[in-house]
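Participant: Sending over a structure as structure tokens; questions will come in a sec.
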Amino acid sequence: MSYELKHVFASLPQMERGVAKVLGGDPKGNNFLYTNGKSVIIRNINNPAIADIYTEHPHQVTVAKYAPSGFYIASGDVSGKIRIWDTTQKEHLLKYEYQPFGGKIKDIAWTEDSKRIACVGEGREKFGAVFLWDTGSSVGEISGHSKVINSVDIKQTRPYRLISGSDDNCGAFFEGPPFKFKFSITDHSRFVNCVRFSPDGNRFCTAGADGQIFLYDGKTGEKICALGGAKAHEGGVYAVSWSPDSSQLISASGDKTVKLWDVGTSTALTTFNIGADVMDQQLGCLWQKDHLLSVSLSGYINYLDKSNPDRPLRTIKGHSKSIQSLTVHKNGGRSYIYSGSHDGHINYWDAETGENNDFSGKGHSNLVTKMAVDDADQLVTCSMDDTVRFTSVTKKEYSASNLVKMDVQPKHVSVAAGGLALAVCIGQVVFLKDKKKVFTLDSLDYEPEAGAIHPGGSTAAVGGADGKVRLYSVQGNTLKDEGKSVEAKGPVTDMAYSKDGAYLAVTDEKKVVTVFTVADNYSVKNDFYGHHAKVVTLAWSPDNEHFASGGMDMMVYVWTVNDADKRLKIPDAHRLHHVSGLAWIDEHTLVTTSHDASVKQWTLKF
């Protein structure tokens, strides 16, 4: 039994309102970089479905930048650590690790010979540092600021110059190496969010929260002009990025637009309107070869179209918050993966190409705890907003009529043929038929945790926090308690019937998966031991002979029903986080997802 990683559908950048997002670009122009949580995500710019995730930081990563040589990436985190790692190997070996100051790193810049690194942020004793990449010894000091430094850049031609921009409304100009403070730049009236040299080194610009962008001479630091006269943007400017030929630049702003500027005439050639919603504020941008990218507050990455400024060429969607639930469904011959996240957002992915989108309209407003697709092609989801929704996977839009309000918060939902659904809520079990509540079990003497309806629709099994699985018989529109129950090894966390209804698998907090044979009066078929911590999720393979389970120990196991010793172990499926959702596309393809907001597919061989 063996496995290999087939696809990685990466998370979006983690965004915060009013905080600029720094995108890194690879010098060859093929990839771009951003961060989410403790991960650094490398994506192919032509085909963003190709992605690689670096997960070695122990703390939340804030910025990552390629060395001009293209062989290394430097990434900095909130604790002030800088890791310099190899880009060429799959393992991303660590080359060096430094701690230039204690506190969040907000920006990183390399010199063009890939020998020196400048980093800035909110340190306790200093706000920036410049050092040699291979020894970490200092090559100058970044002084002259009284508050957190937001941005830094180094001129990519000799003689070297370094600029920084800070929350004290000033920029600072340095000469070096060793870099020494020359003078402050006091043209902005609000925070300076971004400073960038042009690739040819002749100019640099500073962008601020006052909506202004100023242009300066790269060698002397003398002010040349302000772009767009009095104001470049209506809102604060969060990021700027130069064109490779240094003749133009793009700027991203909180006024929900990106502007393309001609530097020679200091006028805007194009204004890209991204949207009208607050989530459409633009907090980052990147100019890579012919690609113009911007990042919205929603985390969506827009590929801007110079010939049609009101409509991006493409928008990369996905999740920026942790994914909590997952299911798959075949639609028109193609397999789709559905994922639901911490903020109520549901996304669907084409399993082959990675093309993805979200449903239109207003959906869940809180964490999506569980999802399943029923035989009427409806995605049944339950959420912490106390609702169960039935959303057509062909229409792909939410509607208010397909929402069922619960009395208390639902935590598990399962479906069966004939429009049946079972929602397990806090302290009650609700039986639904054709999108309506038909029966409620409450005042229970146990706390229900998970439920499953037999594919034949005859039995509803409910697992409790007391370690018992109670079997209710479905009679018309009611659930009847006939006093039948089976024992799991501990408090139940998840359960599911195999596709053919022959087995019921139950996971529990005592690290065990128990499989019961339905036809044999629910006798125990096998106990599956292997997890080192509580098991949280499971999914049956379409072949009914294998099932996968994921636990708090970060492990995914694929088990064989008939032989408890025949198992496949996938360690570190999502490093840093346990697997929160599992699903099978076919007998040999397993999908996993996790709180790192990415979705992975694995090819299994038995």
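The values are calculated or read from the model by the stated rules, or taken from the named source; none is laboratory data. None of these values were measured; they are calculated from a predicted model. Counting neighbours? That spans all protein chains shown, and the Cβs are built from the backbone with ideal geometry, glycine included. When the accessible area is computed, the model is the full protein with side chains, heavy atoms only, and any ligands, DNA or RNA have been set aside. Shrake-Rupley method; radii C 1.70, N 1.55, O 1.52, S 1.80 Å.
Participant: Any idea what diffusion coefficient the range 24-166 gets from Stokes-Einstein, in µm²/s, Kirkwood Rh on alpha carbon pairs, 4 °C, 1.567 mPa s?
Facilitator: Values: Rh = 15.1 Å.
For the chosen part, D equals 86 µm²/s.
Participant: Another question, if that's okay. Please compute the per residue accessible area over the chain with all protein chains in place, 1.4 Å probe, rounded to a whole number of Å². Provide the component values of the computation, followed by the final result.
Facilitator: On the way: 22670 Å² over 606 residues.
Per-residue value: 37 Å².
Participant: Once amide H atoms are placed 1.01 Å from N in the peptide plane, what residues at a sequence separation of 5 or more from Phe179, or on another chain, have their amide H within under 5 Å of its amide H?
Facilitator: Gly140, Glu141
Participant: Heavy atoms only, 1.4 Å probe, whole protein assembly: order Arg311, Arg334 by accessible area, highest first.
Facilitator: Values: Arg311 165, Arg334 100 Å².
Order by accessible area, largest first: Arg311, Arg334.
Participant: If I compute solvent accessible area with a 1.4 Å probe over the protein chains, what percent of it on the chain is carbon and sulfur? Don't jump to the answer; show the numbers that get you there.
Facilitator: Numbers: 10490 of 22670 Å².
The C+S portion of the solvent-accessible surface of the chain is 46 percent.
Participant: Right, something else. Going through the cross-link list Lys28/Lys231; Lys104/Lys155; Lys411/Lys480; Lys90/Lys306, which pairs have a Cα-Cα distance over 26 Å in this structure?
Facilitator: Numbers: Lys28/Lys231 34 Å; Lys104/Lys155 24 Å; Lys411/Lys480 22 Å; Lys90/Lys306 35 Å.
With Cα atoms farther than 26 Å apart: Lys28/Lys231; Lys90/Lys306.
Participant: Would you mind putting 222-230, 55-63, 191-199, 96-104 in packing order, based on average other-beta-carbon counts within 10 Å, highest first?
Facilitator: On the way: 222-230: 13.9, 55-63: 19.0, 191-199: 24.3, 96-104: 17.2.
Descending mean neighbour count gives 191-199, 55-63, 96-104, 222-230.
Participant: Let me ask something additional. Checking the a/c ratio against 1.5 first, then a/b against b/c, what shape does the Cα gyration tensor give for the range 154-252? List each step's numbers first, then the result.
Facilitator: Details: a/c = 2.00, a/b = 1.30, b/c = 1.54.
The shape class here is oblate.
Participant: Here's another thing I want to ask about it. If you consider only alpha-carbon coordinates, what radius of gyration and Dmax does the chain have, in Å?
Facilitator: 27.2, 87
Participant: Next question, about the same structure. What whole number of Å gives the distance from the Cα centroid of the range 580-606 to the Cα centroid of the range 532-568?
Facilitator: For the range 532-568 versus the range 580-606, the Cα centre distance is 12 Å.
Participant: Considering only protein heavy atoms, what is the solvent-accessible area of Trp287 at a probe of 1.4 Å, reported in Å² to the nearest 10?
Facilitator: 20
Participant: With the calculation restricted to Cα positions, what are the radius of gyration and Dmax of the range 2-316 in angstrom?
Facilitator: When restricted to the Cα atoms of the range 2-316, Rg and Dmax are 18.1, 63 Å.
Participant: May I pose another question? Would you mind counting up the charge near Leu604? Only other residues with Cβ under 14 Å from its Cβ, with Lys and Arg at +1 and Asp and Glu at -1. Working shown, then result.
Facilitator: On the way: positive: Lys6, Lys566, Arg567, Lys569, Lys600, Lys605; negative: Glu4, Asp543, Glu545, Asp586, Glu587.
After counting each charged neighbour, the total is +1.
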